[in-house]
Amino acid sequence: MLIRSSRSFKTMLILSLLSFPLRGFIVHHPFSSRPSIFVALVDCPSIKMVGPAPFVDMGKKAKDLLTKDYNFDQKFTLSMLSSTGMGLTATGLKKDQIFFGDINTVYKSGNTTVDVKVDSYSNVSTKVTVNDVWPCSKAALSFRIPDHKSGKLDVQYLHPHAAIDSSIGLNPTPLLELSATIGSNELYLGGEVGFDTASSSITKYTAGINLNKPDFSVALLL
């Protein structure tokens with residue numbers, strides 16, 4: 001796309017899509033064929049495909065193979081979607097002689113997603129997620145009613161060779177959590193740590209490495 005101004009000493013802005021992982025603006029002087037300024041932006045969709053996964057997803061493929069969709073209890077799920085961006089899901093589970101149920105509503109508008117769930121104990125869980133707060137990042141605010149100490153803020157940042165997640169509880173003595181991975185989508189390593197400000201103690205610390213291949217996936221967590 002070429003943009004010209006009507007003023008003297010016109011400058012030309014050429015919007016060019018470069019090879020992964022950058023795109024940006026190249027600014028040319030009218031009498032020079034060489035670019036003088038390049039402002040780079042990260043191509044976030046490409047990063048999600050080739051960058052490392054967040055630490056919480058390390059080993060997920062192997063876990064899903066062993067545990068996902070295996071259910072020995074009576075369960076039903078009813079989902080409805082509308083063209084306005086709202087979705088409604090009702091789930092029921094009968095385990096032994098006890099029945100559990102919840103209703104989940106999701107509404108999407110632009111970069112914002114609002115997720116509200118009401119369970120059979122009248123607890124209301126709400127999560128508001130905003131994508132691209134700044135390039136290649138997202139922030140999520142979650143809380144549960146009536147638990148006034150359940151508020152939590154999560155922030156995630158994705159980079160071509162790293163993924164960083166942080167979490168902080170929204171109460172006077174919050175629980176702090178931080179995790180990071182470095183590498184590529186095929187091979188990456190990372191770790192996580194949790195700190196409880198109430199007791200001034202480390203609640204968890206884990207490290208791991210993950211290898212993905214077209215026909216297998218291996219993860220080692222310590």
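The values are calculated or read from the model by the stated rules, or taken from the named source; none is laboratory data. All values derive from a computational prediction rather than experimental measurement. All Cβ positions, even for glycine, are placed from backbone atoms using ideal geometry, and neighbour counts span all protein chains on display.
Check whether at least one residue in segment 210-218 is in contact (Cβ under 8 Å) with a residue 40 or more places away in the chain, over 21 Å from Pro160 (Cβ atoms) and either exposed (fewer than 14 other Cβ atoms within 10 Å of the Cβ) or not assigned by TED's automatic domain parsing to the domain that holds Gly59 (or both), and report yes or no. Yes, because at least one residue in segment 210-218 is in contact (Cβ under 8 Å) with a residue 40 or more places away in the chain, over 21 Å from Pro160 (Cβ atoms) and either exposed (fewer than 14 other Cβ atoms within 10 Å of the Cβ) or not assigned by TED's automatic domain parsing to the domain that holds Gly59 (or both). Could you list all residues from segment 164-214 that are at pLDDT below 95, of a type in the set (A, V, I, L, M) and under 15 Å from Gly51 (Cβ atoms)? The one that is at pLDDT below 95, of a type in the set (A, V, I, L, M) and under 15 Å from Gly51 (Cβ atoms): Leu187.
In segment 88-135, the residue that is surrounded by the fewest Cβ atoms within 10 Å (Cβ to Cβ) out of those that are modelled with pLDDT under 90, among the hydrophobic types (A, V, I, L, M, F, W, C) and within 22 Å of Pro54 (Cβ to Cβ) is Trp134.
For segment 149-162, check the following and say yes or no: at least one residue is farther than 23 Å from Lys63 by Cα, among the basic types (Lys, Arg) and not in a strand (DSSP E or B). Checked segment 149-162: at least one residue is farther than 23 Å from Lys63 by Cα, among the basic types (Lys, Arg) and not in a strand (DSSP E or B). Just one of the listed residues (Thr67, Thr112, Thr129) is farther than 30 Å from Leu189 by Cα, hydroxyl-bearing (Ser, Thr, Tyr) and in the same structural domain as Gly151 (by TED's automatic domain parsing), and it is Thr112.
Pairs meeting the criteria (first residue in segment 123-151 and on the phi > 0 side of the Ramachandran plot, second residue in a strand (DSSP E or B) and of a type in the set (Ser, Thr, Tyr), beta carbons under 8 Å, at least 6 apart or on different chains) are Cys136/Tyr157. Going by the structure shown, is Gly183 touching a residue at least 60 places away in the same chain (Cβ under 8 Å), surrounded by 15 or more Cβ atoms within 10 Å (Cβ to Cβ) and touching a His at 6+ places or on another chain (Cβ under 8 Å)? Yes. Out of curiosity, is Ser199 in the same structural domain as Leu93 (by TED's automatic domain parsing), more than 23 Å from Asp64 (Cβ to Cβ), surrounded by fewer than 17 Cβ atoms within 10 Å (Cβ to Cβ) and hydroxyl-bearing (Ser, Thr, Tyr)? It is true that Ser199 is in the same structural domain as Leu93 (by TED's automatic domain parsing), more than 23 Å from Asp64 (Cβ to Cβ), surrounded by fewer than 17 Cβ atoms within 10 Å (Cβ to Cβ) and hydroxyl-bearing (Ser, Thr, Tyr). If you go through segment 137-157 one residue at a time, do you hit one that is more than 24 Å from Leu88 (Cα to Cα), in the same structural domain as Ala62 (by TED's automatic domain parsing) and in contact with a helix residue (DSSP H, G or I) (Cβ under 7 Å, 6 or more places away or on another chain)? No: zero hits. Of all the numbered requirements in (1) within 24 Å of the chain's Cα centre (by Cα); (2) in a strand (DSSP E or B), Thr84 misses one, and that requirement is (2).
Against the test of being over 16 Å from the mean Cα position of the chain (by Cα), closer than 30 Å to Lys204 by Cα, part of a strand (DSSP E or B) and of a type outside the set (Ser, Thr, Tyr), the options Val116, Val128 yield a single qualifying residue, Val116.
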